[in-house]
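Presented below is the structure to which this report refers.
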Amino acid sequence: MKPVKIGVIGAGSISEMHFDSYKNHSDVEIYAVCDLNLERAEEKAQKYGASKFFSDYNELLALDEIDAVSICTWNNSHAEISIAALRAGKHVLVEKPLCKTVEEAEEIQKAVRESNGKTLQVGFVRRFATNIQVLKKFIDAGELGEIYYAKASCLRVLGNPGGWFADKERSGGGPLIDLGVHVIDLCWYLMGKPKVVSVTGNTYQKLGNRANIQNKSYYKAADFDSSKNSVEDLANALIRFENGASLMVDVSFTLHAQKEAMDVSIFGDKGGATIEPKLEIITEKHDTMLNLTPQIDALTFDFVAGFQNEVNHFVDCVQGKETTISPVEDGVEIMKILSAVYHSSETGTEVTF
Ligand SMILES: NC(=O)c1ccc[n+]([C@@H]2O[C@H](COP(=O)([O-])OP(=O)(O)OC[C@H]3O[C@@H](n4cnc5c(N)ncnc54)[C@H](O)[C@@H]3O)[C@@H](O)[C@H]2O)c1
């Protein structure tokens with residue numbers, strides 16, 4: 001079989017996970033790299049053995065020999081590049097969030113439908129984590145019963161990365177669109193993707209980026225500028241679904257909290273599961289409540305394995321062996337929820353669908 005030729009667009013931090021995973025795949029050739037910063041594109045091309053590099057993604061997409069692209073750029077270009085890639089006949093793996101708005105998401109969906117069967121996979125990487133794949137088997141076998149409630153907290157006490165993440169124009173928002181997207185999608189996916197009927201949300205911009213804080217380190221984007229921050233630092237939401245199920249979520253870049261929190265749980269009428277900080281399945285047998293701990297290598301989100309599984313699945317889809325488990329339609333639904341949280345917060349009302 002001919003190798004799948006890949007182009008990677010956006011050669012910053014997360015592209016490393018895409019490059020490494022493609023590199024480990026025996027059916028893949030990393031063929032070209034593009035970044036607005038040409039030096040960065042050249043450096044990654046050399047590191048990963050790509051023969052071509054560009055600063056304009058149109059030049060990369062014009063190469064007939066490229067089968068598929070990973071889009072790892074800022075959120076403001078996901079829609080434009082996804083649509084251009086599909087029109088150029090490429091399969092697309094686009095980083096989360098799918099894009100910045102519902103309108104953009106629907107445009108991408110239209111381009112997928114007009115693409116003659118090309119795959120667009122949204123980078124909801126947590127779906128591909130080993131602990132989630134294990135839990136999904138229990139859910140699919142009905143062992144949790146009907147999942148009627150989920151709760152997710154992803155709270156950073158000091159973690160506004162600044163740079164493009166803090167620039168609403170390029171990111172589309174703060175912790176909600178950056179971190180909330182992962183945990184909202186994960187719960188929604190495990191709940192069986194129920195149709196959303198209403199969203200109530202609140203966002204707060206009270207603490208800023210807190211560049212004044214000393215003696216505590218945190219990740220900063222390359223173009224961190226302490227004077228620039230136009231995104232919320234906290235968001236919370238109550239999301240209600242057609243089947244009566246509900247999801248409560250809160251996420252922050254910074255908060256006066258005692259410590260960081262990553263807590264995700266789902267609750268069904270036959271059993272429940274704690275997903276983060278580590279997988280535990282909760283059930284009842286012979287009138288006794290049980291906490292079941294799977295014996296697996298990683299009970300928590302394993303970043304490297306998650307990306308490898310995501311890329312392996314994408315390559316299977318490109319080769320026509322599989323249909324993606326993370327399609328554009330799911331990206332559109334998640335964009336509807338995220339946008340509704342912002343809208344509800346701005347208007348002080350519940351958004352109904
Ligand atoms: N799945 C995850 O867990 C995860 C983690 C981090 C980031 N991400 C997502 O990955 C994307 C990139 O994030 P990052 O942390 O790598 O950011 P980054 O700033 O480190 O890298 C982004 C790169 O994209 C380049 N770029 C921006 N617009 C471009 C364009 N139009 N054409 C070519 N290059 C362009 C920039 O020059 C930069 O080098 C974002 O969408 C982010 O939400 C996902």
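For region 13-23, the condition of being farther than 26 Å from residue 166 by Cα, surrounded by fewer than 18 Cβ atoms within 10 Å (Cβ to Cβ), more than 8 Å from the ligand (Cβ to nearest atom) and within 23 Å of the chain's Cα centre (by Cα) holds for at least one residue. Evaluated against (1) within 11 Å of the ligand (Cβ to nearest atom); (2) acidic (Asp, Glu); (3) touching a Gly at 6+ places or on another chain (Cβ under 9 Å), residue 64 falls short on exactly one condition, (1). Filtered by the rule that a residue be more than 10 Å from the ligand (Cβ to nearest atom), within 17 Å of the chain's Cα centre (by Cα) and within 13 Å of residue 34 (Cβ to Cβ), region 69-104 gives a lone residue, 69. Pairs meeting the criteria (first residue in region 158-185 and more than 13 Å from residue 252 (Cα to Cα) and modelled with pLDDT of 95 or more, second residue in a helix (DSSP H, G or I) and more than 9 Å from the ligand (Cβ to nearest atom), beta carbons under 8 Å, at least 6 apart or on different chains) are 184/334; 184/337; 184/338; 185/127; 185/330; 185/334.
Residues of region 285-300 include at least one that is without any contact (Cβ under 8 Å) to a residue 12 or more places away in the chain and charged (D, E, K, R). Of the residues examined, residue 29 is not one that is touching a Lys or Arg at 6+ places or on another chain (Cβ under 9 Å), part of a loop (DSSP other than H, G, I, E, B), more than 16 Å from the ligand (Cβ to nearest atom) and not assigned by TED's automatic domain parsing to the domain that holds residue 182.
Is it true that residue 235 is in contact with a Ser or Thr (Cβ under 8 Å, 6 or more places away or on another chain), surrounded by fewer than 17 Cβ atoms within 10 Å (Cβ to Cβ), in the same structural domain as residue 158 (by TED's automatic domain parsing) and of a type outside the set (Phe, Trp, Tyr)? Criteria not met by residue 235. Screening residue 30 on (1) within 25 Å of residue 100 (Cα to Cα); (2) crowded, with 23+ Cβ neighbours inside 10 Å shows it passes everything except condition (1).
The values are calculated or read from the model by the stated rules, or taken from the named source; none is laboratory data. Not measured: the values here are computed from a predicted model. Backbone-built Cβ (ideal geometry, glycine too); neighbour counts: all protein chains shown.
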